[in-house]
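A quick write-up on the structure given underneath.
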Amino acid sequence: MKSILIVIILALIGYSSNAQHTDRFVKLVKDLEQVSCKKDTMFYKNGTIKRVMCSTNYKYNSEKFWARTGKMIEFYKNGQIAQEYFLDNYGNLMRMKIFDRKGNKLEEYVTTEIDSNAKSLDDFFESNDHIVYKTFCQIYKYSKNSESYFLYEEGLRADTKKIGKWIKYYDNGKVKKENEF
């Protein structure tokens, strides 16, 4: 459990200092010029907020690119937060929380490393296929015994693949199973 706490603390420290970006990633985006940042709000037909986000525009070689940046929140029609994202200056996911319609946290992801296989900034903005993420994940489940949600599973992923030690818990917090990937 101590190792998991250390990973969380290191991830949060890295999040606040943008240390998740590899040297290769930083070198790739160094020539981008930020032109503007605009807050956008989208609404459902019933008038409730659907999404709040910031769109940042960049310029490179007289071409313009844009990315969603900063805090982005998506809502259910009932006004409850569905997903809360924190995106870096280039639109990469730094942290995400997913909630059910009643506000219970179902999943949380904290990015610990971001890299890119793009050969140029043109490739970088063409698609997201070049981005490589390492993420610390926590999955929550509902317990009928305690009538509340509990941390069910946690571990690291490289993109969508589980890596390292993954731990599953009982609803009382005790370790149920550990797997190495």
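Here are some conditions: (1) out of contact with any strand residue (DSSP E or B) (no Cβ under 7 Å at 6 or more places or on another chain); (2) within 28 Å of D31 (Cβ to Cβ); (3) at pLDDT 85 or above. E126 meets all but one. Which one does it not meet?
Unmet for E126, out of (1) out of contact with any strand residue (DSSP E or B) (no Cβ under 7 Å at 6 or more places or on another chain); (2) within 28 Å of D31 (Cβ to Cβ); (3) at pLDDT 85 or above: (3).
E180 fails exactly one of the following numbered conditions: (1) at pLDDT 95 or above; (2) among the acidic types (D, E); (3) surrounded by 13 or more Cβ atoms within 10 Å (Cβ to Cβ). What is the number of that condition?
Going through the list (1) at pLDDT 95 or above; (2) among the acidic types (D, E); (3) surrounded by 13 or more Cβ atoms within 10 Å (Cβ to Cβ), E180 breaks only (3).
Of the conditions (1) closer than 30 Å to F65 by Cα; (2) assigned to a loop (DSSP other than H, G, I, E, B), S146 satisfies every one except a single condition; which number is it?
Tallying (1) closer than 30 Å to F65 by Cα; (2) assigned to a loop (DSSP other than H, G, I, E, B), S146 fails exactly one: (1).
Restricting to region 50-83, give me the number of residues that are closer than 21 Å to N128 by Cα and among the aromatic types (F, W, Y).
Residues that pass the stated criteria total 4.
Have a look at N117, N57, N92 and point out the one that is surrounded by 14 or more Cβ atoms within 10 Å (Cβ to Cβ) and either within 29 Å of E154 (Cα to Cα) or in contact with a helix residue (DSSP H, G or I) (Cβ under 8 Å, 6 or more places away or on another chain) (or both).
Sole residue among the options that is surrounded by 14 or more Cβ atoms within 10 Å (Cβ to Cβ) and either within 29 Å of E154 (Cα to Cα) or in contact with a helix residue (DSSP H, G or I) (Cβ under 8 Å, 6 or more places away or on another chain) (or both): N92.
Within the set of pairs 6+ apart or on separate chains, which have a first residue in region 63-74 that is at positive phi, a second that is of a type in the set (A, V, I, L, M, F, W, C) and in a strand (DSSP E or B), and C-beta atoms under 6 Å apart?
Correct list of pairs: G70/C54.
Condition check: within 17 Å of R68 (Cβ to Cβ), among the polar types (S, T, N, Q) and either part of a strand (DSSP E or B) or in contact (Cβ under 8 Å) with a residue 40 or more places away in the chain (or both). Does N89 satisfy that?
Against the criterion (within 17 Å of R68 (Cβ to Cβ), among the polar types (S, T, N, Q) and either part of a strand (DSSP E or B) or in contact (Cβ under 8 Å) with a residue 40 or more places away in the chain (or both)), N89 qualifies.
Just give me the residues in region 53-82 being farther than 30 Å from D122 by Cβ and outside any loop (DSSP other than H, G, I, E, B), in sequence order.
Once the filter is applied, which keeps residues that are farther than 30 Å from D122 by Cβ and outside any loop (DSSP other than H, G, I, E, B), region 53-82 yields I73, F75, I81, A82.
For (1) more than 30 Å from K176 (Cβ to Cβ); (2) touching a His at 6+ places or on another chain (Cβ under 6 Å); (3) buried (at least 17 other Cβ atoms within 10 Å of the Cβ); (4) modelled with pLDDT of 85 or more, each residue gets a yes or a no:
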| position | (1), (2), (3), (4) |
| --- | --- |
| G14 | no, no, yes, no |
| S17 | yes, no, no, no |
| V26 | yes, no, no, no |
| V35 | yes, no, no, no |
| K38 | yes, no, no, yes |
| K45 | yes, no, no, yes |
| I49 | yes, no, no, yes |
| G79 | yes, no, no, yes |
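Would you say Y58 is out of contact with any Cys (no Cβ under 8 Å at 6 or more places or on another chain) and over 30 Å from L151 (Cβ atoms)?
Yes: the conditions hold for Y58.
Within region 104-140, can you find the residues that are closer than 18 Å to Y58 by Cβ, aliphatic (A, V, I, L, M) and in a strand (DSSP E or B)?
I114, I131
If you go through region 86-99 one residue at a time, do you hit one that is hydroxyl-bearing (S, T, Y) and at pLDDT 85 or above?
No: zero hits.
Just to check your reading of the model, which residue among R95, R157, R101 is assigned to a loop (DSSP other than H, G, I, E, B) and more than 19 Å from K174 (Cα to Cα)?
Values: R95 fails: assigned to a loop (DSSP other than H, G, I, E, B); R157 fails: assigned to a loop (DSSP other than H, G, I, E, B).
After applying the criteria, what remains is R101.
The values are calculated or read from the model by the stated rules, or taken from the named source; none is laboratory data. This is a predicted model, so every value here is computed, not measured. All Cβ positions, even for glycine, are placed from backbone atoms using ideal geometry, and neighbour counts span all protein chains on display.
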